[in-house]
1. V90 is checked against (1) touching an Asp or Glu at 6+ places or on another chain (Cβ under 6 Å); (2) surrounded by fewer than 17 Cβ atoms within 10 Å (Cβ to Cβ); (3) of a type outside the set (F, W, Y) and fails just one. What number does that condition carry?
2. Considering only region 131-148, how many residues are buried (at least 17 other Cβ atoms within 10 Å of the Cβ) and among the polar types (S, T, N, Q)?
3. Output the residue which, of all residues in region 111-153 that are charged (D, E, K, R) and in contact with a strand residue (DSSP E or B) (Cβ under 6 Å, 6 or more places away or on another chain), is nearest to A87 (Cα to Cα).
4. Could you check region 29-78 and list, in sequence order, the residues that are part of a helix (DSSP H, G or I), among the aliphatic types (A, V, I, L, M) and exposed (fewer than 13 other Cβ atoms within 10 Å of the Cβ)?
5. Could you check region 79-108 and list, in sequence order, the residues that are within 27 Å of Y61 (Cβ to Cβ) and either among the hydroxyl-bearing types (S, T, Y) or at pLDDT below 95 (or both)?
6. Kindly provide the set of residues from region 1-20 that are assigned to a loop (DSSP other than H, G, I, E, B), closer than 14 Å to P42 by Cα and free of Cβ contacts under 8 Å to residues at least 60 places away in the same chain, ordered by number.
7. Go through V140, V135, V82 for me and flag whichever is touching a residue at least 40 places away in the same chain (Cβ under 8 Å), farther than 27 Å from S3 by Cβ, in a strand (DSSP E or B) and out of contact with any helix residue (DSSP H, G or I) (no Cβ under 6 Å at 6 or more places or on another chain).
8. Checking the condition in contact (Cβ under 8 Å) with a residue 12 or more places away in the chain and surrounded by fewer than 14 Cβ atoms within 10 Å (Cβ to Cβ), which residue from E120, E99, E116, E151 passes?
Amino acid sequence: MISLTPTEIQEKLKPILARHIGKKDELIPILQETQDELRYLPEDAMREIARFLKISVATVYGVSTFYHLFKLKPSGKKIIRVCRGTACHVRGSPRIVDEVSKVLNVKPGETTPDMEYTLETIACFGSCALAPVMVVDKTVYGRVTPGKIKEILARPAKQEVHK
């Protein structure tokens with residue numbers, strides 16, 4: 001588990017906050033940058049962001065919990081997302097989820113103990129022609145089969161589409 005002290009969090013937030021001027025409408029970009037840096041939004045970070053923007057911690061927490069993309073628990077270094085939309089479901093995404101779960105020994109919504117991987121399911125990626133679709137960080141893999149899972153997980157992440 002990632003555990004940072006309040007001082008370490010403040011140090012990591014300094015360059016993020018320095019890129020902003022402290023206006024309330026910067027909340028979401030600041031939360032996104034903070035999560036990119038820390039892999040989640042710890043309470044101490046939310047307090048620091050609230051102080052910087054001169055808004056309540058409740059407001060920061062409310063936005064952080066409203067949007068699904070924000071995490072209040074640490075995520076793995078690699079985020080694996082498997083589409084569960086209709087086209088992907090029909091073409092076998094439940095088998096993909098089962099295989100990833102088996103290989104990593106985690107269920108959807110869980111992170112491996114070594115903090116390497118987090119498995120998530122997503123309602124739809126909008127890539128139905130590539131169904132079933134799995135995304136590892138920002139790399140999209142289309143026409144995934146259970147037999148390809150170990151190979152995919154062994155690859156370094158890149159921003160591209162694999163068919």
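The values are calculated or read from the model by the stated rules, or taken from the named source; none is laboratory data. Just so it is clear, the structure is predicted and the values come from calculations on it, not from any experiment. Here the Cβ positions follow ideal geometry from the backbone for every residue, glycine too, while neighbour counts run over all protein chains shown.
1. (1)
2. 1
3. E120
4. A58
5. I79
6. Our first condition is that a residue be assigned to a loop (DSSP other than H, G, I, E, B); within region 1-20, this holds for 1-5, 19-20.
After this cut, where a residue has to be closer than 14 Å to P42 by Cα as well, the list is 1-5.
Answer for region 1-20, where residues must be assigned to a loop (DSSP other than H, G, I, E, B), closer than 14 Å to P42 by Cα and free of Cβ contacts under 8 Å to residues at least 60 places away in the same chain: S3, L4, T5.
7. V135
8. Testing whether each residue is in contact (Cβ under 8 Å) with a residue 12 or more places away in the chain and surrounded by fewer than 14 Cβ atoms within 10 Å (Cβ to Cβ) leaves just E116.
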